[in-house]
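Colleague: I have a structure here, written as structure tokens, and I will follow up with some questions on it.
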Amino acid sequence: MTAKVKKGLTTCTIDELNFPVELRNNPMPSNKEYCKLVIGKINGEDFFLNACSNVYELVKNESIFPRINSILKKHKIAYDVEFTHTNNVRFYANYVITDERLGYKMKGTNDRVQPVLRVQHSYNGLTKYKIVFGYFRLVCSNGLVIAIEAMNKYNLCLTGKHTKAIIGSLVQLDNLLTVFANDAKSIRKELVDKYELLGGRIVTNVQDRVREVMMQNKLGIIENSNFNTIENISQRILDEANDNLFDKQGNRIILGYKGKVNDWLVYNGINQYINDDSLNVAAPEKRQETDSKVFEYMLENA
């Protein structure tokens, strides 16, 4: 496979993600929990992926990701997708729904978020199969923006372990997208109300607020002559507040915050830091867990 390598992740096509994989008997004597081998065919050669028991149910990527593509197309939902993997054994897909009718713009600004489905799966059990629905902020390639309570209410987090459970989750996704496509506004309102709650809180001392949130969530802080975590995040926030951002063509991005910092910008500054591949090699699911804790803390603690 030839692909762009990020820190800890490799981007790939859906065909590269769907390489052949099968269960084989372990040719060596072993305990029952290791009597089967998960073998992939990569670059035309066998590749050992995992050892498992005889009750392990192998669910292939080809049974998941193409099906999700088909479900989105069935509902005529336009999307962009990025596929990534870690060592050909942990797999991720971000489906950003691009239809502006299903997106949301923060009040009084040009700061737009769009729905996103984040899908994860693995052949070694280290990443549990999951589909999470949330929002992706278009201003930069930061992470998933989610509201836990609303997700639970609308069943926006789908998981499974065995074949039947995973196939069942795809049926649920199909049903969810039917509801979402028909009643996007009411669902969207409940999800984004929490974003607006953060957007309504003005922050006068950016570094103090960043430090408080980082410390309360036990996030590592580096402060030395080479790098300062608090200053790095604070500068990201101030750049957004003061429209000091530029797209790939060099055009200035006007978000419209007019120099005022609020908790929404603070949250997103920390979110960007957590999801910055040049600073963080944690697995995507770990970053999502950390981000969720930050989000919930900030909602509860002005």
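Taken together, the values in this text are just the output of simple stated rules run on the coordinates, not laboratory data. Remember, predicted model here, so these are calculated numbers, not experimental data. Counting neighbours? That spans all protein chains shown, and the Cβs are built from the backbone with ideal geometry, glycine included.
Colleague: So how strong a dipole does the chain carry about its Cα centre when Lys and Arg Cβ are +1 and Asp and Glu Cβ are -1, to the nearest 20 debye? Could you put the intermediate results ahead of the total?
Modeller: Values: 40 positive and 35 negative charges, 108 e Å.
It comes to approximately 520 debye.
Colleague: Right, another one. For the range 70-127, which trypsin sites (Lys or Arg not before Pro) pass both filters: DSSP loop (anything but H, G, I, E, B) and at most 12 other C-beta atoms within 10 Å?
Modeller: Values: sites: Lys73, Lys74, Lys76, Arg90, Arg101, Lys105, Lys107, Arg112, Arg118; in loops: Lys76, Lys107.
Taking the range 70-127 and a limit of 12 other Cβ atoms within 10 Å, the loop trypsin sites (Lys or Arg not before Pro) found are Lys76, Lys107.
Colleague: Separate question: Go ahead and set up a Gaussian network model of the chain, Cα springs under 10 Å, then flag whichever of Ser53, Ser225, Ser122 fluctuates most.
Modeller: Result: Ser225 has the largest fluctuation of those listed.
Colleague: Something else about it: Where the centre of each part is set by its Cα atoms, how far does the range 257-272 sit from the range 186-228, in angstrom?
Modeller: Measuring centre to centre over Cα atoms gives 7 Å.
Colleague: Let me ask something else. When the convex hull of the C-alpha atoms of the range 215-302 is computed, what volume per residue in Å³ does it have?
Modeller: Numbers: hull volume 10.5 nm³, N = 88.
That works out to 120 Å³ per residue.
Colleague: In debye, nearest 20: dipole of the range 199-300 around its Cα centre with unit charges on the Cβ of K, R (+) and D, E (-)?
Modeller: Values: 12 positive and 16 negative charges, 37 e Å.
Charge dipole of the range 199-300: 180 debye, to the nearest 20.
Colleague: What net charge is computed for the residues neighbouring Ala51, neighbours being all others with C-beta under 10 Å from the C-beta of Ala51, Lys and Arg scored +1, Asp and Glu -1? All intermediate terms of the calculation are to be shown ahead of the outcome.
Modeller: Details: positive: Lys36; negative: Glu33.
After counting each charged neighbour, the total is 0.
Colleague: How high is the FRET efficiency from Lys293 to Ile230, r the C-beta distance, R0 22 Å, rounded to 0.05?
Modeller: 0.75
Colleague: Right, another one. How large is the charge dipole for the range 51-96, taken about the Cα centre, if only the Cβ atoms of Lys, Arg (+1) and Asp, Glu (-1) carry charge, to the nearest 20 debye? If you can, show how the numbers build up before the last one.
Modeller: Values: 6 positive and 4 negative charges, 42 e Å.
So the dipole magnitude of the range 51-96 works out to roughly 200 debye.
Colleague: Hey, another quick one. Please report Rg (one decimal) and Dmax (integer) in Å for the Cα set of the chain.
Modeller: When restricted to the Cα atoms of the chain, Rg and Dmax are 20.9, 68 Å.
Colleague: Sorted by packing (mean other beta-carbon atoms within 10 Å per residue), highest first, where do 226-232, 258-264 land?
Modeller: Values: 226-232: 13.3, 258-264: 16.6.
So the order, starting with the most tightly packed, is 258-264, 226-232.
Colleague: Now for a separate question. Highest mean first, how do 197-204, 21-28 rank when packing is the count of other Cβ atoms within 10 Å averaged over residues? Each step should come with its number before you reach the end.
Modeller: Working: 197-204: 14.8, 21-28: 12.2.
The densest-packed peptide leads the list: 197-204, 21-28.
Colleague: Using Cα pairs closer than 8 Å and at least 6 residues apart in sequence, work out the relative contact order for the chain, in percent. Each step should come with its number before you reach the end.
Modeller: Working: 487 pairs, mean separation 40.8, N = 302.
Answer for the chain is 14 percent.
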